[in-house]
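Enquirer: Here it is: the structure, laid out below.
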Amino acid sequence: MQARDVMVSPVVTVGPTATVREVAQKLLERRISAVPVVDADNKVLGIVSEGDLLHRAESGTERSSSWWLRLLIGDAQLATDYVKSHAIRVQDIMTQDVATAAPETPLHEIAVLLEERRIKRVPIVNREGQLIGIVSRANLLQAIASARPTLEISLPDSAIRKRFFEEVRKQPWAHTFNLNATVQNGVIDIWGFAPSLAERAAVRVVAEAIPGVVAVNDHLLETPAFVY
């Protein structure tokens, strides 16, 4: 699946001169947690999220300006914090370094971007840089929840065993020289050694995903210090 398959569109946006109060009202009214800031050509200038509104003078939650904090973070950071808590326009508080993606971006790349940047949403832009949608963590969960199992014909026992070893050998983490498997009436028994619990679980998952497998019996043992 691609970003275009799960993105929310059209996107609720604001202009750079919108007030912080207007943004807060919009987040509440639309039941969203962030809003992109766009220019007259609908190109992304920044994004304002609930996190940007946590420390505001209106709610009495602005950061402390004690002398020891000044020593720790310096005057420049204190000035930045002051702007964040007192500015009237969103252009002064928005996050400007916004990670975006194209509508053709595969969802696995979106997931990596969310994880690496530690963000909760990615604006989707076209080739002209114009905002056309947004993908959030929740949208990825929706893709999982709505996924339909692939219809495949159940394989006979011999084909199940063949498919198992084919799949395992494709994996860079697998130590196939330590593995064996037998299959009878769709029940696959896995024998041998695994160097970790993680690999043991991964081998089981490979077996469970094969069409026709009705049960998996895991007989794997922890790899001894010397196999031979």
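Enquirer: What does the net charge come to around residue 18 if you take all other residues with beta carbon closer than 10 Å to its beta carbon, with K and R at +1 and D and E at -1? Mind showing how you got there, number by number?
Expert: Numbers: positive: 21, 26, 89; negative: 22.
Taking every Cβ under 10 Å from that of residue 18, the sum is +2.
Enquirer: Straight-line reach only, C-alpha to C-alpha below 19 angstrom: list the aspartates and glutamates that residue 162 could link to, leaving out same-chain residues fewer than 8 apart.
Expert: 152, 189, 208, 218
Enquirer: Using a probe of 1.4 angstrom, how much of the accessible area of the chain is carbon and sulfur, in percent?
Expert: Values: 7890 of 14580 Å².
After summing per-atom areas, the C and S share lands at 54 percent.
Enquirer: Can you list the HN-Hα couplings for segment 40-57, worked out from phi with the Karplus curve (6.51, -1.76, 1.60; θ = phi - 60°), rounded to whole Hz and with x for Gly and Pro?
Expert: After applying 6.51 cos²θ - 1.76 cosθ + 1.60, I find 5, 9, 6, 9, 6, 9, x, 8, 10, 10, 4, x, 6, 10, 5, 10, 10, 5 Hz.
Enquirer: To continue, here is another question. Can you list the residues, at least 5 places off or on another chain, whose amide H is less than 5 Å from the amide H of residue 132, using H built in the peptide plane?
Expert: So residue 132 has HN proximity to 124, 125, 126.
Enquirer: May I pose another question? Test of understanding: what is the full-extension gain from residue 180 to residue 31, defined as 0.36 nm times their sequence separation minus their Cα-Cα distance?
Expert: Values: separation 149, 0.36 × 149 = 53.64 nm, distance 5.29 nm.
48.3 nm is the gain from fully extending residue 180 to residue 31.
Enquirer: Right, another one. Quick one: which residues, 5+ away or cross-chain, put their amide H under 5 Å from the amide H of residue 181? H built at 1.01 Å from N.
Expert: 191
Enquirer: Sticking with this one: Given that compact globular proteins tend to follow 2.2 N^0.38 Å, what is the ratio of the alpha-carbon Rg of the chain to that value? Don't skip to the answer; put the middle values down first.
Expert: On the way: Rg = 25.9 Å, N = 228, 2.2 N^0.38 = 17.3 Å.
My calculation over the Cα atoms of the chain gives 1.50.
Enquirer: Residue 54 to residue 17: FRET efficiency via 1/(1 + (r/R0)^6), r the Cβ-Cβ distance, R0 25 Å, to the nearest 0.05? Mind dumping the intermediate values first?
Expert: Numbers: r = 22 Å, r/R0 = 0.89.
Working from the Cβ atoms, E equals 0.65.
Enquirer: Using the crude model of +1 on Lys and Arg Cβ and -1 on Asp and Glu Cβ, and no other charge, please compute the dipole size for segment 1-120 relative to its Cα centre, in debye to 20. Please list the in-between numbers first.
Expert: Values: 14 positive and 17 negative charges, 62 e Å.
Taking the Cα centre of segment 1-120 as origin, the dipole is about 300 debye.
Enquirer: Quantify how much of the Cα-Cα distance distribution of segment 97-228 extends past 23 Å, in percent.
Expert: Values: 4600 of 8646 pairs.
Here the long-distance tail beyond 23 Å is 53 percent of all Cα pairs in segment 97-228.
Enquirer: Straight-line reach from residue 84: which lysines fall under 21 Å, measuring Cα to Cα and dropping same-chain residues less than 8 apart?
Expert: Answer for residue 84, where 21 Å is the Cα cut-off: 26, 120, listed by chain and number.
The values are calculated or read from the model by the stated rules, or taken from the named source; none is laboratory data. Values in this document were obtained by computation on a predicted structure and should not be read as measured data. Neighbour counts run over all protein chains shown; Cβ positions are idealised from the backbone, glycine included. For the accessible areas, the whole protein counts, side chains as well, though only heavy atoms, and no ligand, DNA or RNA atoms are used. Shrake-Rupley method; radii C 1.70, N 1.55, O 1.52, S 1.80 Å.
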